[in-house]
Structures are given as C-alpha cells and as structure tokens.
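Have a look at the structure below, then the notes.
The values are calculated or read from the model by the stated rules, or taken from the named source; none is laboratory data. This one's a predicted model, so the numbers in the text were calculated from it and none came from an experiment. Quick reminder, even Gly has a Cβ in these numbers, built from the backbone with ideal geometry, and neighbours come from all protein chains shown. For the accessible areas, the whole protein counts, side chains as well, though only heavy atoms, and no ligand, DNA or RNA atoms are used. Shrake-Rupley method; radii C 1.70, N 1.55, O 1.52, S 1.80 Å.
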Amino acid sequence: AIIKSEPQSDVRLPALQTKDEFSDLTEVFNDMMDRMQKFIIQQQQFVEDVSHELRTPVAIIEGHLKLLTRWGKDDPEILEESLEASLQEITRMKSLVQEMLDLSRVEQVEFQHKNDVSQAQEVTHQTFNNFKILYEDFTFILDDDLPHELKVGIYRNHFEQLLIIILDNAVKYSQDRKEIHMSVSSNQAELEIAIQDYGEGISEEEVGQIFNRFYRVDKARSRHKGGNGLGLSIAKELVESYGGRIYVESAIGVGTIFRIFLPIKKEPTGQM
Ligand code: ADP
C-alpha cells in the first residue's frame, strides 16, 4: 500500500523577525525542506503511476491463465489465443520496465556523462538512415546545413535514443501521408533538429501534456501501438539534463513538428 504524505508545515522552521545570519540559515533550511518534500511527492506519484500501468497487463494475463486452467486448455484455439495474448502483455511489461530504467538513469546523466560530446552530423544521419531502411513504405527527407565537424554536448547513446523516440512517434502517429522531414541546422550556440510528420496531430488542449509521464492522447490507441506514454518524458528529461530544450507544434489532421535544441561544444583552441 502506498502511504501518501501531504506537504507538512511542521517540518519548516518558523520565520524569524530578526535579519541576521540565523534567519538566513532558517530560510535556507526551509527552502531545502520544501524541495525535499516536493521530490518525495513526485516519487510517490511515480510509483502510483507505475503500479497503475502494470495492473492492466497483469490482470489480462491472470484472466487468460484462469480461463486456461478452468477449461480453455482443452480447446486448441483458445489455448493458442490465450498464450499469444499473454506473451504480448509480457512484452509490454518488459518495455515498461526498460523505459522506467531509462528514466531513472537519466537522473544520473549529470554525474556520468556531463562532459561527453557527439558528432552532430554523423549521429543525425545515421539514425535517420536506419529509419529509412526500417520503414520502406515511408518517404524520409533530410535537410542538412551543418558544418561537418560540429559537436554537441551530449553522450552519443542518449543523442540516438532521443532521436529514436521522436522518429518512432512520427512513424507511429502518421496516417495516409507517410512522409517524415528532418532538418538539422546550427547557430553559434545551438544545434536545432526539427522532425516533422503529416499525421494525426495533437489538439491544443492536449499538446501541453504530452511530455508528462504516462500521458497518452488516446490511451487505447497508443496501447495498441505498443506505447506506454513514457517516450516523450524520457526525451524531455534527457534534453534538459544536457542543458537543451524541446518544443512541439501540432495541429489535428495536419501533423506535428518537434524541435530539439542542444548546446554546441566548442573545441578548445589552445590559445590563451
Ligand atoms: P507513447 O508511448 O504513447 O507514444 P509518448 O510519451 O512517446 O508515449 O507520447 C505521448 C503521447 O503523445 C502519445 O500517446 C501520442 O498521443 C502523442 N504523440 C507523440 N508524438 C506524436 C506525433 N508525432 N503525432 C501525434 N501524436 C503524438
């Protein structure tokens, strides 16, 4: 059972009237307590969301197993159907667990990979070409305006993972017009990657929520396509942990553009 804790005021020190070192310390302490409590509440919410997400596949597998033990095992058709459905749910749980691991690892980025760099052109081209090979029925168009040697401050695997999440969604939520554009460009400070599809789009009311953990515009539909609603929250946390930004522009029935900005890493010139 999850014990819910509400923000407590009794862990804060009473504000002091005096303006001295002691009152400064009190403020620092209270600020720390507020942040810690916020963190605890977020973690509790996460555990609650995860449990909720795991309940459905577990219930489905349980239902099938009960059916099989009662009489289903004697009917070859039911047996096959139930086994297949159970396997599908297990695959879903595996990907959910993997995505949760990814999320918790993002939180360690700052410590492990904060000085890593990747070659922008190589990573963007390679990932894009992999999609081209994987989805032959799609048209992929790449505009590239990058200096060949440009480097960005992000660990290569994370850079790839980020592009894969956005490109995967572009494919997943495309409809009749199977076309995906990616453009990569840069200024002095940032690399910009824009990934555009011409698919179903997202309404104005929902577009603000898609980066939230477990948020899906159409739960049943996304579930059917193998989605857990964690991809974009992983993407956002990754980008932000490297000091970048991610935005979305979308219109229902027209399509969606994701824009990712990542800080450029300058080569040290060796001059003082
Ligand atoms: P999911 O695993 O469901 O795809 P994400 O976190 O990657 O989870 O995305 C959250 C939701 O945002 C999706 O369920 C979908 O409704 C919406 N979404 C994401 N990308 C697109 C896109 N390119 N076009 C339309 N809707 C999208």
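Listed values, structure above:
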item	result
Filter pass, Arg216 being open to solvent by 20 Å² or more (accessible area, probe 1.4 Å), within 10 Å of the ligand (Cβ to nearest atom) and either touching a strand residue (DSSP E or B) at 6+ places or on another chain (Cβ under 7 Å) or not hydroxyl-bearing (Ser, Thr, Tyr) (or both)	yes
Pair list, Cβ < 7 Å and 6+ apart or interchain, from the stretch 71-88 residues that are without any contact (Cβ under 8 Å) to a residue 12 or more places away in the chain to residues that are open to solvent by 100 Å² or more (accessible area, probe 1.4 Å) and not acidic (Asp, Glu)	Leu79/Lys73
Yes/no for Leu230 being near the ligand (Cβ under 9 Å from one of its atoms) and either touching a helix residue (DSSP H, G or I) at 6+ places or on another chain (Cβ under 8 Å) or of a type outside the set (Ser, Thr, Tyr) (or both)	yes
Scan of the stretch 179-192 for residues that are buried (at least 17 other Cβ atoms within 10 Å of the Cβ) and within 14 Å of the ligand (Cβ to nearest atom), ordered by number	Ile180, His181, Met182
Any hit, the stretch 155-174, residues being of a type in the set (Lys, Arg), more than 10 Å from the ligand (Cβ to nearest atom) and in contact (Cβ under 8 Å) with a residue 24 or more places away in the chain	yes
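The rows are residues; the columns are (1) closer than 21 Å to Phe131 by Cα; (2) among the basic types (Lys, Arg); (3) over 13 Å from the mean Cα position of the chain (by Cα).
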residue: Ile165; (1), (2), (3): yes, no, no
residue: Glu249; (1), (2), (3): no, no, yes
residue: Gly255; (1), (2), (3): yes, no, yes
residue: Glu267; (1), (2), (3): no, no, yes
